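Asker: Mind having a look at this structure? Questions to follow.
None of the figures in this text is laboratory data; all of them are computed from the coordinates on show. Worth saying up front: this structure is predicted, and the values here are computed from it rather than measured. Every residue, glycine among them, receives a Cβ derived from its backbone with ideal geometry; neighbour counts consider all protein chains shown.
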Amino acid sequence: MSLPSVEILIDKLAQSLKPYFPDGQDPANQPIIVGIETGGYWIANIIHQTIAPDTELGRLNISFYRDDFTTTGLHPTVNPSSLPTDIDGKTIILIDDVIYSGRTIRAAMNEIFDYGRPEQIILAILVDRGERSIPIQPDIVADTIQLKAGNHIKLSGPEPLQLSIKTLIEAG
């Protein structure tokens, strides 16, 4: 299967997000771009520099908010999240690389709400691979890719950013 160019997908996301950042608006009143570590933050950083470099950029590490440690394992190195001190009443543009079950996004929203109560959260995703376990849907998607059972899509980087398909080997 041929995978799309990450650069083209990021440009597509950036173009879809531009209307949320009107020219001439005070940066303090514009949305806050927040990326989920690691791939989502890589993408968020590029989009931030492209369309809204004067606004704030946040980084979420959701390790402590996950509910699937039995399948993903605990990660020994956990970096703190970095969000602006006041997100109350703000629009958050939450960016991640791949959405699958929806559990990562649920964990990210839990952490965001620990920081405050935003006006709204807009979910922007590079690749939607479907098959949700919980009812979370992105607002903006650069591409949708259907995979065979047992396959997963992965963004590696940060230089260069590249998508690849990995086959999980079941322990037996």
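Asker: Starting at the first residue of the range 125-142, write each ³J(HN,Hα) from the Karplus equation 6.51 cos²θ - 1.76 cosθ + 1.60 with θ = phi - 60°, in whole Hz, x for Gly and Pro.
Answerer: 10, 5, 9, 9, 9, x, 6, 5, 9, 10, x, 10, 10, x, 7, 9, 10, 6
Asker: Also, quick follow-up: How many lysine pairs does the chain hold where the Cα atoms are under 29 Å apart and the two sit 8 or more places apart or on different chains?
Answerer: Close lysine pairs found across the chain: 8.
Asker: Quickly work out the residue 26-to-residue 159 label distance, labels modelled 7 Å from Cα along the C-beta direction, and quote it in nm with one decimal.
Answerer: Here the modelled spin labels are 3.8 nm apart.
Asker: For the residues 21, 113, what sequence is obtained by ranking on other C-beta atoms within 10 Å, fewest first?
Answerer: 113, 21
Asker: Something else about it: Using the Cβ atoms and a cut-off under 12 Å, what net charge is assigned to the surroundings of residue 79, where Lys and Arg are +1 and Asp and Glu are -1?
Answerer: Summing Lys and Arg as +1 and Asp and Glu as -1 gives 0.
Asker: Which one, 125, 24, 53, projects farthest toward the positive side of the charge dipole computed for the range 6-167 from Cβ point charges (K/R +1, D/E -1)?
Answerer: Looking along the dipole axis, the top candidate is 125.
Asker: A further question on this structure: Please give the calculated 222 nm ellipticity per residue for the chain, where each DSSP H segment of at least 4 residues contributes -39500 (n - 2.57) and the sum is spread over every residue; nearest 500 deg cm²/dmol?
Answerer: Here the helix-only value at 222 nm equals -7500 deg cm²/dmol.
Asker: Right, here's the next one. Between residue 54 and residue 2, what FRET efficiency follows from the Cβ-Cβ distance if R0 is 30 Å, with the result rounded to 0.05?
Answerer: With a Förster radius of 30 Å, E is 0.20.
Asker: Search the structure for amide H atoms under 5 Å from the amide H of residue 81, placed 1.01 Å from N in the peptide plane, and list their residues when 5 or more places away or on another chain.
Answerer: 61
Asker: Counting residues in the range 83-172 as N, plug N into 2.2 N^0.38 Å and put the Cα Rg over that result.
Answerer: Computed over Cα atoms of the range 83-172, the ratio equals 1.24.
Asker: I'd like the antiparallel share, as a percent to the nearest 5, of DSSP beta bridges with both residues in the chain.
Answerer: Expressed as a percentage, antiparallel bridges in the chain total about 25.
Asker: In debye to the nearest 20, how big a dipole does the chain give about its Cα centre with +1 on each Lys and Arg Cβ and -1 on each Asp and Glu Cβ?
Answerer: It works out to roughly 540 debye.
Asker: Just subtract the alpha-carbon distance of residue 86 and residue 117 from 0.36 nm times their residue separation and send over the number in nm, one decimal.
Answerer: 10.3 nm
Asker: Only Cα pairs under 8 Å and at least 6 apart count here; give the relative contact order of the chain as a rounded whole percent.
Answerer: Relative contact order for the chain comes out at 22 percent.
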